[in-house]
Amino acid sequence: MDKILEVKNLKLYYHTSKGVVKALDDVSFDLYKGETLGLVGESGCGKTTTGTALLRMPTAPGRYDGGQILIDGRDIIPLPEKDVRKNVRWEEVAMVFQGAMNCLTPVYTIGKQMLETLQEHRDMEKEQAEELIREYLGLVGLPGEVMKRYPHELSGGMKQRVVIATALFLKPKFVILDEPTTALDVIVQAQIINLLKKLKKTFDLSFIFITHDLALEAEVADRICVMYAGKIAELGTNAQIFGKQGPMHPYTEKLLAATPRLHRKVESLSFIPGTPPDLIDPPKGCRFNPRCHKVMDKCYVEEPPLKEVEPGHMVACWRLEK
Amino acid sequence: MSENKNPEVLLKVENLKKHFTPHMGLAASLGKARKVVKAVDGISFDIKKGEIFALIGESGSGKTTTGKLVMKLIEPTSGTMIFDGEDVTSIAKKQLEAYRRKVQMIFQDPYASMNPRFKIRDVLEEPLSIHRIEGDRARHDEMIVKALEEVKITPPEEFMTRFPHMLSGGQRQRVATARTLILNPKMLVADEPVSMIDLSTRAEILHMMKDVQRDLGLTYLYITHDLSTARYFADRIAVMYLGRIVEMGPADMIIDKPLHPYTKALIDAVPEPESGKVDVIKELPISGEIPSPANIPAGCRFHTRCPYATDECKTLPEPELEDIGGGHMHACRRWKEI
Ligand SMILES: Nc1ncnc2c1ncn2[C@@H]1O[C@H](COP(=O)(O)OP(=O)(O)O)[C@@H](O)[C@H]1O
Ligand SMILES: Nc1ncnc2c1ncn2[C@@H]1O[C@H](COP(=O)(O)OP(=O)(O)O)[C@@H](O)[C@H]1O
Ligand code: SF4
Ligand SMILES: [Mg+2]
Ligand SMILES: [Mg+2]
């Protein structure tokens, strides 16, 4: 498989007046053509920051403090903004922001909004562009007449489809989806998940799917990258994380145990006590140590490295050190 | 007036409706005909003392409107509500105040319901002032400490001097719960109390709410779109669709043996954390999205999305809830065949 993205030792810190928030601290992963990589973790673990970093659009006061983002071998971090705008952002990397479906401009028709995006990037006659818009609306399961509608005339599911179509428009190499179904009802969520699977299969697309819900990753992600406190805790295939053996990092174990299962009756719902740490001053050693049920002395002193425990399965936990 | 003689029942709702009529000006300015929005369209249920009763359904099904009706924040179009044996459908202002002390509400976003400039102590004293609860500062402090201890905010004295923004989402939801407890209510209406909280800590809040409910013998109306938490948290579940209850019964029965095709569809759509599904397109028994309550389909209101709908479902009057035993009720004409 072709590797289309390589993130190497990425550091993205927010330099705030209160201190330096180490939102991404030495994060490395790859993305292959035709795969969906899931980014999962509680809120505040650095998922959205990863997305905006890959889009070369970190929010202020975020700064790249190290590492590389290689798209087809080229590092996009040092590129001048002009270059990024012309060739990278939306062209190679697209992102569906969390809540984007509620940020469509209320006073313009869907067609006009999509046309604007398209004409910003492509030299195209109006008619030709509209033809393309109709085609993309069709791809996401919407009739062409949606072009004439205003956002308030569409349901949540339809708006999310419009947003996805807009992200696909310029044929990016991969699309980052940030909590794309969190605001939707369960049936509509399942419809959107099905749509993403169809798009991926038909066009050999690559996605980075961000959510705090492990059950959703089980549905969509070929590989799952579990983030905790700005670091990768565990990275493995769908079968490694959700199969018989189950996850290996105590955080993933707890996250999975806290994921409600509708069809399997358990005594009571479990949860992870406490909250993810403040990333200005994260715990020494393993960042998960205050909440870990398997913590050892060493965990308070030294940070565990992300190590391969079996082919394609990486875990950052001292417990797995032989 | 049908007085409720069953001492077990705390709240009895009968054929309750809330129809919203848009203002003429607004409808005209949108160039639309004036259409009545039938947000709640004839629902009946009992909530027993000490019970957790869940109302579930997709957004737009009328859950929040039902909650507001029960809180008496809005007036019903028709129907009756009996609380603790007393008809509260239309009560005078004086009684309304007393009712609002007995029935308290927890909101989805605890942050939005707290004055950010108030310390936690003042956030909790607010209801005492509003309801003119007697007592000097020391007495109020005592009550505040007790309420905070009840929701496991410890040590309470330390938290009382903090501001809402200094708390985590879970802690804020605890404080919001403490604020309702301070008035010694009989019933809490909780509208999506955990949907803004991370999945990983939701259960913690629900456990806390359940402990409080047991300790104080409270009754809950729990409103949610999340079936998974409803199953564990609630004793009974009512499934709403477009302003009506289409299925109701003990929580486990609803999840394990759903009778109505809508309930089945909701359950089927819930993702499970298991491997082997990435390359599978999930079969969804129903398509489309919930229609507008300003345009409710004739016959069984679910027929436009129902995979089992027949001509009868479209033309015959809407099926009423039918009890098949064990308190398990459904409103589907074809339940036996599906
Ligand atoms: N613009 C910003 N300025 C300062 N801190 C930020 C900013 N954006 C995010 N953060 C902090 O960075 C960390 C990671 O946040 P985020 O990437 O949004 O996590 P997630 O998407 O996993 O919830 C959090 O501690 C958050 O408070
Ligand atoms: N004040 C109102 N005026 C007009 N329509 C309303 C009003 N409040 C709610 N509705 C409509 O009633 C329906 C039910 O809403 P709601 O009770 O909030 O449902 P839920 O909580 O299940 O999402 C929705 O279609 C909503 O738009
Ligand atoms: S390294 Fe230690 S603290 Fe961290 S997850 Fe493993 S056992 Fe828990
Ligand atoms: Mg985020
Ligand atoms: Mg609601």
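Just so you know, all these numbers are worked out from the coordinates, no wet-lab data involved. Just so we're clear, the structure is a prediction, and the values are computed from it rather than from any experiment. So basically every Cβ, Gly included, is an ideal-geometry build from the backbone, and we count neighbours across all protein chains shown.
See the values below:
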{"read-out": "Exposure proxy ranking, count of Cβ atoms within 10 Å, fewest first, for B:THR263, B:THR66, B:THR154", "value": "B:THR154, B:THR263, B:THR66"}
{"read-out": "Interchain or long-range residues, amide H under 5 Å from B:GLY50's placed H", "value": "B:THR219"}
{"read-out": "Two-site FRET efficiency, B:ASP87 against A:VAL107, from Cβ-Cβ distance with R₀ of 51 Å, rounded to 0.05", "value": "0.60"}
{"read-out": "Sparsely packed chymotrypsin sites (Phe, Trp or Tyr not before Pro) within the stretch A:60-128, loop by DSSP, other Cβ within 10 Å at most 16", "value": "A:TYR108"}
{"read-out": "Cleavage-rule hits (trypsin sites (Lys or Arg not before Pro)) in the stretch B:284-338: DSSP loop, at most 12 neighbouring Cβ within 10 angstrom", "value": "B:LYS336"}
{"read-out": "Residue order, fewest to most surrounding Cβ atoms within 10 angstrom, among B:MET143, B:MET209, B:MET105, A:MET1", "value": "A:MET1, B:MET143, B:MET105, B:MET209"}
{"read-out": "For B:ILE237, A:ILE193, order by how many other beta-carbon atoms lie within 10 Å, fewest first", "value": "A:ILE193, B:ILE237"}
{"read-out": "Projected label distance in nm at A:MET1 and B:ASP122, using a 7 Å step from Cα toward the beta-carbon", "value": "5.6 nm"}
{"read-out": "Within the protein assembly as shown, percent of DSSP bridges classed antiparallel, to nearest 5", "value": "60 percent"}
{"read-out": "FRET efficiency, B:SER287 to B:HIS23 (Cβ-Cβ, R0 25 Å, nearest 0.05)", "value": "0.15"}
{"read-out": "Antiparallel bridges, percent of DSSP beta bridges restricted to chain A (to nearest 5)", "value": "65 percent"}
{"read-out": "Dipole moment magnitude, nearest 20 debye, the protein assembly as shown about Cα centre, only Lys, Arg, Asp, Glu C-beta charged", "value": "820 debye"}
{"read-out": "Karplus (6.51, -1.76, 1.60) ³J(HN,Hα), θ = phi - 60°, over the stretch B:194-207, in Hz, Gly and Pro reported as x", "value": "10, 6, 9, 9, 3, 3, 5, 10, 4, 4, 4, 5, 5, 4"}
{"read-out": "The stretch A:158-301: relative contact order as a whole-number percent, Cα under 8 Å and 6+ apart", "value": "15 percent"}
{"read-out": "Residue-by-residue Karplus 3J(HN,Hα) for the stretch B:96-112, coefficients 6.51, -1.76, 1.60, Hz, glycine and proline x", "value": "4, 4, 5, 4, 5, 7, 7, 10, 10, 10, 10, 9, 4, 10, x, 5, 5"}
{"read-out": "Under-5 Å amide H pairs with A:TYR228, H placed in peptide plane, nonlocal only", "value": "A:ALA233"}
{"read-out": "Percentage of interatomic Cα-Cα distances in the stretch B:69-184 larger than 16 Å", "value": "62 percent"}
{"read-out": "FRET E, pair A:ALA60, A:LYS148, Förster distance 45 Å, beta-carbon r, rounded to 0.05", "value": "0.75"}
{"read-out": "Size of charge dipole - the stretch B:56-108 - debye, nearest 20, with Cβ of Lys, Arg +1 and Asp, Glu -1, no other charges", "value": "240 debye"}
{"read-out": "Selected from A:LEU154, A:LEU54, B:ALA92, residue furthest toward positive end of dipole (the protein assembly as shown; charges at beta carbon)", "value": "B:ALA92"}
{"read-out": "Estimated inter-spin distance, B:LYS102 and A:ARG74, nm [label 7 Å along Cα→Cβ]", "value": "7.2 nm"}
{"read-out": "Within the stretch B:178-256, percent of DSSP bridges classed antiparallel, to nearest 5", "value": "55 percent"}
{"read-out": "Net length gained if the chain between B:SER44 and B:THR310 were fully extended (0.36 nm per residue, minus Cα distance)", "value": "93.1 nm"}
{"read-out": "Vicinal HN-Hα couplings computed from phi for the stretch B:256-268 (Karplus, 6.51 cos²θ - 1.76 cosθ + 1.60; Hz; Gly/Pro x)", "value": "7, 9, x, 10, 8, x, 5, 4, 4, 5, 4, 5, 4"}
{"read-out": "The stretch B:111-258: Lys pairs at Cα distance under 26 angstrom, eight or more positions apart or on different chains", "value": "8"}
